[in-house]
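The values are calculated or read from the model by the stated rules, or taken from the named source; none is laboratory data. Computed from a prediction, not measured in an experiment: that's the story for all the values here. Note: ideal-geometry Cβ built from the backbone for every residue, glycine included; neighbour counts use all protein chains shown. Just so you know, the surface numbers come from the protein's heavy atoms only, side chains and all, with ligands and any DNA or RNA stripped out. Shrake-Rupley method; radii C 1.70, N 1.55, O 1.52, S 1.80 Å.
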Amino acid sequence: MIKTLVYLCLFLSVSCFASINDYVVKKWSTSDGLASQSLTSIVQDRQGYIWVGTQFGLSRFDGMNFTNYSTANAEFLQSNAINKLQLDQDGMLWIGSKSGLVRLDPRSFDYATFNVNGAVHDILADKEGRIWIAANGLYLFFNEKFIPINQLLANSEAPVWPSDDGSRTQQ
């Protein structure tokens, strides 16, 4: 019995030690093509590309090389200062910057801009597929509708939520 426990402990210690050595740690910087060392947000799209938001533009990494996008070479960007990246359930890339909000199709590079009157501070996706945007106010994108949320509570008892038809419903 003790012999079995000793073998088990040796096996586990060797396998744990070996698994640590299986990882490769690589650091990328501007010398490797990254737009800036100042990273603000990172997401991976459905095609496997890693998108990196920085203070000096947007970088897309394919595992080997970076492709950099800025206001100089990408009409979809409103600002080089990227604050937040978020993928939605349809695979669209939401880009929140110092100057606004963009929804980008990472496959075709088709895009739509949304007026949020200033900088985007945060973007969140919930489990129902809604996109919540914190800017100079709170905004909601749901069922292909972009809705400013001026007041979440109609009264102190029950929240008011936007419904599918754009009206407000109380739950």
Over 31 Å between alpha carbons, listed pairs Lys98/Lys127; Lys27/Lys84; Lys27/Lys127 | Lys27/Lys127
Does the range 79-130 come out rounded, prolate or oblate, given a ≥ b ≥ c as the square roots of the eigenvalues of its C-alpha gyration tensor, rounded meaning a/c under 1.5 and, failing that, prolate meaning a/b above b/c?
-> oblate
In the range 34-109, which trypsin sites (Lys or Arg not before Pro) fall in coil by DSSP and have 13 or fewer other Cβ atoms within 10 Å?
-> Arg46, Arg107
Gly100 long-range amide H proximity, modeled H, under 5 Å = Val120
Hz values of 3J(HN,Hα) by residue in the range 126-136 - Karplus curve (6.51, -1.76, 1.60), Gly and Pro given as x | 9, 5, 8, x, 7, 10, 9, 10, 9, 9, 7
Would you mind checking which residues have amide H under 5 Å from Thr71's amide H? H placed 1.01 Å from N; only 5 or more apart, or other chain.
-> Asn80
Computed magnitude of the charge dipole of the range 21-70 (debye, nearest 20; Cβ of K, R +1, Cβ of D, E -1) = 60
Working with all protein chains in place, sort Met92, Met64 by solvent-accessible area computed with a 1.4 Å probe, largest first.
-> Met64, Met92
